[in-house]
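Enquirer: Below is one structure. I have some questions about it.
The values are calculated or read from the model by the stated rules, or taken from the named source; none is laboratory data. Not measured: the values here are computed from a predicted model. Backbone-built Cβ (ideal geometry, glycine too); neighbour counts: all protein chains shown. Keep in mind that these areas ignore ligands, DNA and RNA; they rest on the heavy atoms of the full protein, side chains included. Shrake-Rupley method; radii C 1.70, N 1.55, O 1.52, S 1.80 Å.
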Amino acid sequence: SIAAIASNPVRFSEVWGFTEAGEEYAVIGGTNGTFVFHIKDDELIYSDFILGKSHSPVNEHRDYHDYNGYLYMVSDEGPSSLQIADLQYLPDSLHLVYDSDDLVVRTHNIFIDTNSAILYSCGPSSGYAMELYSLVDPTSPTLIYSYDDIPYVHDIYVENDTAYVNCGDSGLKIIDFSNPTAPFEIATLEFYQDQGYNHSGWLSPDGKTYIFADETEGKRLKKCDVSDLPNIQIESFFGTSYQTGQVAHNIMMTERFAVVSYYNEGLRIYDYTQQGTPEIAHYDTWSGNQDGYK
């Protein structure tokens, strides 16, 4: 179990999920490394743990993505690295096949466009806004391009070479990376209503709706129509307790639901297919004072 693994003490950030050989797995990032659980009969069964190259209380941000039978792991603090684990031995164990800081030391978020086999590294410690790596050989990534058209990229969602880029204070950009060394900006929302720090977003499976969050107190979630690019329209605003300064953090979307993690408001689920994007479920993960940012 998590409690059985030595920590300093362990804190958690970031979750990811994947399937391997028809089985479902959950990934949880901790200050000391990466925990993987087998999801079986609605239970989490501990599978294995990968110690981070940097593993201490400073490692508060880890991020994950899977591709072609491998799990990719990064951290945004300490003398870290890009780690790659082979998933074929699950549910028994993970096999670490790559652990190097030659290409990636620290980075805030990663995303893999599985159609193009490209890993996007957002806010890397190299000083560039973003870096692109080829995963043609999944266990031997190679640098393709260093993107530096803006000061910083915080997070990204990429589908078929079209990247929805969360640029912090620079807003939202939609960029065509079909030629990864010569990106083309399709659309931008540099200024918009209820604007804050453009943090993260997710695209619906049908590619018509994009929802993003501004990591700023009291800012609402934005539901966007992206069915007719380069035209992008914010259709509506929604959220929980934004009137009292609560902060939406990360979003994932299914065919019907937007699943949103908040700082102090827990996990919230909204039906974005309905008028007004109503909240249909929530799970409270925060036992502290509900007031304030953290």
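Enquirer: Regarding residue 80, is this residue outside any strand (DSSP E or B) and over 21 Å from the mean Cα position of the chain (by Cα)?
Expert: Numbers: outside any strand (DSSP E or B): yes; over 21 Å from the mean Cα position of the chain (by Cα): no.
So residue 80 does not fit the description; no.
Enquirer: Of (1) closer than 21 Å to residue 108 by Cα; (2) part of a strand (DSSP E or B), residue 188 satisfies all except one. Which?
Expert: (1)
Enquirer: I would also like to ask the following. Inside segment 256-265, can you point out the residues that are surrounded by 15 or more Cβ atoms within 10 Å (Cβ to Cβ) and part of a loop (DSSP other than H, G, I, E, B)? Full working, then the answer.
Expert: In the first step, residues of segment 256-265 are kept if they are surrounded by 15 or more Cβ atoms within 10 Å (Cβ to Cβ); the result is 257-265.
Passing the criteria: 263, 264, 265.
Enquirer: Still on this structure, please answer the following. List pairs: first in segment 25-44 and open to solvent by less than 10 Å² (accessible area, probe 1.4 Å), second assigned to a strand (DSSP E or B) and among the basic types (Lys, Arg), Cβ under 7 Å, 6+ apart or cross-chain?
Expert: Note: pairs meeting the criteria are 29/62; 34/62.
Enquirer: Counting just the residues of segment 1-29 that are more than 19 Å from residue 104 (Cβ to Cβ), in a strand (DSSP E or B) and in contact with a strand residue (DSSP E or B) (Cβ under 6 Å, 6 or more places away or on another chain), which one comes out modelled with the lowest pLDDT?
Expert: First, the residues of segment 1-29 that are more than 19 Å from residue 104 (Cβ to Cβ): 1-12, 15, 17-26, 28.
Checking the rest, the ones that are also in a strand (DSSP E or B) come to 12, 15, 17-20, 23-26, 28.
Those still in the list that are in contact with a strand residue (DSSP E or B) (Cβ under 6 Å, 6 or more places away or on another chain) too: 12, 15, 17-18, 24-26, 28.
On the way: 12: 86, 15: 92, 17: 96, 18: 97, 24: 97, 25: 98, 26: 97, 28: 95.
Residue satisfying both the conditions and the ranking: 12.
Enquirer: Given the conditions (1) surrounded by 16 or more Cβ atoms within 10 Å (Cβ to Cβ); (2) touching a His at 6+ places or on another chain (Cβ under 7 Å), report the number of the one that residue 253 does not fulfil.
Expert: Among (1) surrounded by 16 or more Cβ atoms within 10 Å (Cβ to Cβ); (2) touching a His at 6+ places or on another chain (Cβ under 7 Å), residue 253 violates only (2).
Enquirer: Is one or more of the residues making up segment 213-223 assigned to a strand (DSSP E or B), over 24 Å from residue 130 (Cα atoms), in contact with a strand residue (DSSP E or B) (Cβ under 8 Å, 6 or more places away or on another chain) and of a type in the set (Asp, Glu)?
Expert: Scanning segment 213-223, I find no residue that is assigned to a strand (DSSP E or B), over 24 Å from residue 130 (Cα atoms), in contact with a strand residue (DSSP E or B) (Cβ under 8 Å, 6 or more places away or on another chain) and of a type in the set (Asp, Glu), so the answer is no.
Enquirer: Now a separate question. Conditions: (1) in contact (Cβ under 8 Å) with a residue 24 or more places away in the chain; (2) open to solvent by 20 Å² or more (accessible area, probe 1.4 Å); (3) over 26 Å from residue 184 (Cβ atoms). Residue 137 meets all but one. Number of the miss?
Expert: Here residue 137 clears every test but (1).
Enquirer: Filtering segment 204-218 down to residues that are of a type in the set (Ser, Thr, Tyr) and in contact with a Ser or Thr (Cβ under 9 Å, 6 or more places away or on another chain), which residue is surrounded by the most Cβ atoms within 10 Å (Cβ to Cβ)? Spell out how you get there, then give the answer.
Expert: Pass one, segment 204-218, residues of a type in the set (Ser, Thr, Tyr): 204, 209-210, 216.
Now narrow it down to the ones that are in contact with a Ser or Thr (Cβ under 9 Å, 6 or more places away or on another chain): 204, 209-210.
Numbers: 204: 20, 209: 19, 210: 23.
Only one residue fits best here, namely 210.
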